[in-house]
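Reading through the structure tokens given below for one structure.
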Amino acid sequence: MNTNIQEALEKKFQDHDVIFWYDERDELKENFDNLVIDGVEKCHIKSNEFEIKYKITSNTSKTKFLVYSNQPKPINNENWLLDLELAYHIFHTDQEAIILQDLGLDLSLRELIADHMLFFKSKERIDKLKELLGKGDILRDIRYKMVAVTLNTDYVNLNTFIHAHGTAFADGNEKLQRDLERYELSDFYWKQILNKFNYSSQSPSIYDFLVEAFSDNFNVTDKPKLSKETRLLLSLWKDTITYREGFDKISAKIANDIQIESALNTLPLEKAVNDELFKLTDKKIIYDLVQRLITNDIANDTLQSYVKQREHTFWYRPHFEAFYESVSYAAQLQHDIQKLKIDFKSIEDGLEQYTSTLYEIDFLYRKFILNYRRTNQDTVLSELAEKVEKLYTNDWLLHYNDKWQLVVDGLEAWPVKESFSQRQFFKNHIQPFVDKKQRVFVIISDALRFECGMELNKRLPQENRYDSEINGAITSLPSYTKLGMASLLPHKELAVKKGTDQVLVDGMTSMGIASRSKILTKNSGTRATAILAEDFMKFSANTTGRDFVKQYDVIYIYHNNIDDTGDDTTSQDKVFDAVENELDFFMDLLKKISNMNGNNMIITSDHGFIYQHETLEESDFTSADIKGDVDKHNRRFVLGTNITANDAVKSFTHKQLGLESEGDVLIPKSVNRLRVKGAGSKFIHGGASLQEIVIPVVKVNKKRQDTTAQVDIDIIKSSDKITTNLLAVSFIQTDEVNDKMLERKIRGSIVAEDGTLLSDLFTYTFDIKEENQRQREVKNRFQLTAQASGKYKSQRVKLILEEPMDRANKWRVYKEYFYTLNISFTNDFDEY
């Protein structure tokens, strides 16, 4: 039994009550005899036409009829059943007819099957084609869909065909090309490419076509060989998840074959920033930006705009993001340092200036070094890195800490009773929660300096329902861990244990979690405890975590990632990576606390730090000529009894530092380091520099209502008509980005009402912080396809703005703007 015939007839009987079957070669009689279809009565024509006609015309039941003849079909004027044949359906059993009937296509398309018979030899290909076919498909539509099956694409679209074909070629797979030829679809395929892209060749090939497409769109000064449609073809290729790797490979091969490097050597930076076709272009741009920055031949605003322009280009992430970020941070750092003209009048003045603006220089340096390391300290950035290091060290760290040292030198005593002192932390920040009987979590991150806390403070509001504010505080001196940690505990007096660097809190040792927990219990006046962050994170938020939290009103949580990394000579180069990890860790920790019904959180530190990435020179170390009984000798402080030194250090007694113990403390001036064998020298703390003594106090509150929103994006629309193939659009970011108004990423395109894409894509992250709305305007020119002035001429189209969906590689519609296409035919000509 031929199952194809069985299936074809069953499908036909879904639409017809009577089917005639002429088996003219008498080849399928056995199939007819064995055929069984529910609800269908078989009739064999054997000179019994009138009997059959009567049976059919008088039928009042739901029975259907299959009328079979194994004789040639009679001519019309001798066919007694002609009227019924015309009223119902004739079933054909030649190979072409069976395939057409299976596909639900008209028998007039026999020639299509014959022309591509090898394609239809596969049931799998036929089934795939069936899924794509639609009512009203013409011959061209069907062949298009046959190409889609051959190239195994999800979309019946010439651009997609080329993306798939090009990607296969890039992978060394020539099967798709062979299949197009085997199934006799190659001529049709290349004719469509000719019609749309104006590509013509005696022996067309996908690579030859793509070489011309890339060349045309890179060298826009020469007369193009192909149509402007290739711009959209290549633009869309980069944006397709399925085929973007193929674009990468093809681009690299073409760049090598047409020697794009030599062309880039003479291409001005101002033009290079507009190219997205070749990976080498990014290298050219980065090289030019670095050179101009080194020679002070580019304004900071111009450089930042170029970096911003490259942000959504194909190779930006992950290949070149760290390079562009390095250049961006270096430019901003240079700009900020060069405009500095400040002096310090007092401790309070230094604290205010540093926490309002000056911290940004340390932030920019940290971000530069972080990204420079992520490039594996690529040689293209090495000269810039040297310049940044000199600027940061000489023009910022040394110069302005020398000025700050004048304030420190003039002090009779270190401030410990002022409201900004670290010693007042519990009284000013924790006691109010205790008084109001509100639970508070205190997170103490070892060596979290102020600029790191400021980054956290700016990041927190972007997490919906988190509100935060930041204050600066001045640490105890020396700015080392044991004293800083003790200062944050509730206390009446602190003292350094004789002969050591250990700190006693009201006579109690403060070393370790158990000791600090004991001090909190005794001195806080409430239920209080201390715990390591690692142990706290092991709790289950809904069970063991909530059980733990219920026992206490004040919970100190300690974490030591930054200091632990920086203090180790083998890992000190990774200290800025440790800062990034710490900021990420805070987000997890805060969410954990929130899940335990914790709403009040404070993040602070024991001290800050200085870090210089380059190996220090001998002149950066100082000999203090120290004499006396030394208990602790660090690169940035010395503890002891009756100790003296030369003018390279500032001397304090314990009493001057607010300590109820006897002894002396020496602090090297400015950012100088004391010579200490075996100790790391890049990462230091303990001294009185702004970077070491200014710490953050970040107050975080979890709200029950939304606290953030994204900025709105609108357009300036001067007309609702599109009259050329280039549509200029001005986008307006309606509000400036700040703590409460967050950036918004959009993707724009022109789309017909039937969903057909009619332009290239424009992707941009609106994160502008300028108050003036004119400075929040971003312009783009959309390139429209030939269909815009052809098939869709005079029709209504939409400029669609989309935004990315959370945690999904998909986009959703944000806004729509409507236009009418009214493009003159002259715009279809390809002269630029």
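Quick notes on this structure:
- Positive-pole candidate from G687, I732, I746, dipole of segment 677-832, charges at beta carbon: G687
- Distance (nanometres) between label positions extended 7 Å along Cα→Cβ at T302 and A728: 2.2 nm
- Take the Cα of E771, step 7 Å toward its Cβ, do the same at D222, and the gap between the two points is 5.2 nm.
- Relative to the longest principal axis of the Cα atoms of the chain, helix 512-523 runs at roughly 70 degrees.
- Dipole magnitude of segment 618-683 about its Cα centre (Cβ charges: Lys, Arg +1; Asp, Glu -1), debye to nearest 20: 320 debye
- Computed helical MRE - 222 nm, the chain, DSSP H runs ≥ 4 contributing -39500 (n - 2.57), nearest 500: -11000 deg cm²/dmol
- Convex hull volume per residue in cubic angstrom - Cα atoms of segment 709-828: 95 Å³
- Among the trypsin sites (Lys or Arg not before Pro) within segment 493-535, those in coil by DSSP and having at most 12 neighbouring Cβ atoms inside 10 Å are K498.
- Angle in degrees between helix 399-409 and the longest Cα principal axis of the chain, rounded to the nearest 10: 40 degrees
- Within the straight-line cut-off of under 20 Å between alpha carbons, the lysines reachable from K798 are K717, K721, K745, K779, K810, K815, sequence neighbours fewer than 8 places apart in one chain being disregarded.
- Computed about the Cα centre, the dipole magnitude for segment 589-633 is approximately 660 debye when only Lys and Arg (+1) and Asp and Glu (-1) carry charge, each at its Cβ.
- If you plug the beta carbon distance of K249 and Q202 into 1/(1 + (r/R0)^6) with R0 = 30 Å, you get a FRET efficiency near 0.70.
- Straight-distance crosslink candidates among aspartates and glutamates, where the alpha carbon sits under 15 Å from K492 and sequence neighbours closer than 8 are dropped: E418, D506, E660
- Helix 229-239 and the longest principal axis of the C-alpha atoms of the chain enclose an angle of approximately 60°.
- Taken about its Cα centre, the chain carries a charge dipole of roughly 2160 debye when the Cβ of each Lys and Arg holds +1 and the Cβ of each Asp and Glu holds -1.
- Hits among lysines - C-alpha to C-alpha of K73 under 18 Å, sequence gap 8 or more where chains match: K29, K42, K46, K53
- The ranking of S251, S419 by Cβ neighbour count inside 10 Å, starting from the fewest, reads S419, S251.
- Using the Cα coordinates of segment 502-624, the gyration tensor eigenvalues translate into equivalent-ellipsoid semi-axes of 33, 21, 10 Å, sorted from longest to shortest.
- Of the trypsin sites (Lys or Arg not before Pro) found in segment 88-148, those in coil by DSSP whose Cβ has at most 15 other Cβ atoms within 10 Å are K135.
- Rounded D (µm²/s) - segment 64-200, Kirkwood Rh over Cα pairs, Stokes-Einstein at 20 °C, 1.002 mPa s: 125 µm²/s
- DSSP-assigned coil residues among trypsin sites (Lys or Arg not before Pro) in segment 689-735, each with at most 13 further Cβ atoms within 10 Å: K703, R704, K717
- The label-point distance for E181 and T357, in a model that sets each label 7 Å from Cα toward Cβ, rounds to 7.1 nm.
- Segment 195-256 versus segment 110-132: alpha-carbon centroid distance in Å: 30 Å
- Size of segment 155-232 from its Cα atoms: along the principal axes, largest to smallest, the extents are 40, 26, 25 Å.
- On full extension, the segment bounded by K53 and D568 gains 175.3 nm, given 0.36 nm per residue less the C-alpha separation.
- Remark: for residue pairs K403/K632; K130/K249; K223/K791, the C-alpha separation exceeds 31 Å in K130/K249.
- More than 26 Å apart - percent of Cα-Cα pairs taken over segment 284-409: 26 percent
- Which of L384, F621, Q656, positive extreme of dipole for the chain (C-beta unit charges): Q656
- Taking the square roots of 5 times each eigenvalue of the Cα gyration tensor of segment 239-284, largest first, gives ellipsoid semi-axes of 21, 13, 6 Å.
- When segment 284-409 is described by a simple charge dipole with +1 on each Lys and Arg Cβ and -1 on each Asp and Glu Cβ, the residue from L370, P318, V407 located farthest towards its positive end is P318.
- Members of K339/K482; K550/K769; K458/K682; K339/K591 lying beyond 31 Å, as alpha-carbon distances in this model show: K339/K482; K550/K769; K339/K591
- Applying 0.36 nm per residue to the separation of R675 and S382 and subtracting their alpha-carbon distance, the gain on full extension is 102.6 nm.
We did not get these values from a lab; they are worked out from the coordinates using the rules stated. Small disclaimer: the values here were computed from a predicted structure and weren't measured. Positions of Cβ are generated from backbone atoms using ideal geometry, with glycine treated the same way; all protein chains shown enter the neighbour counts.
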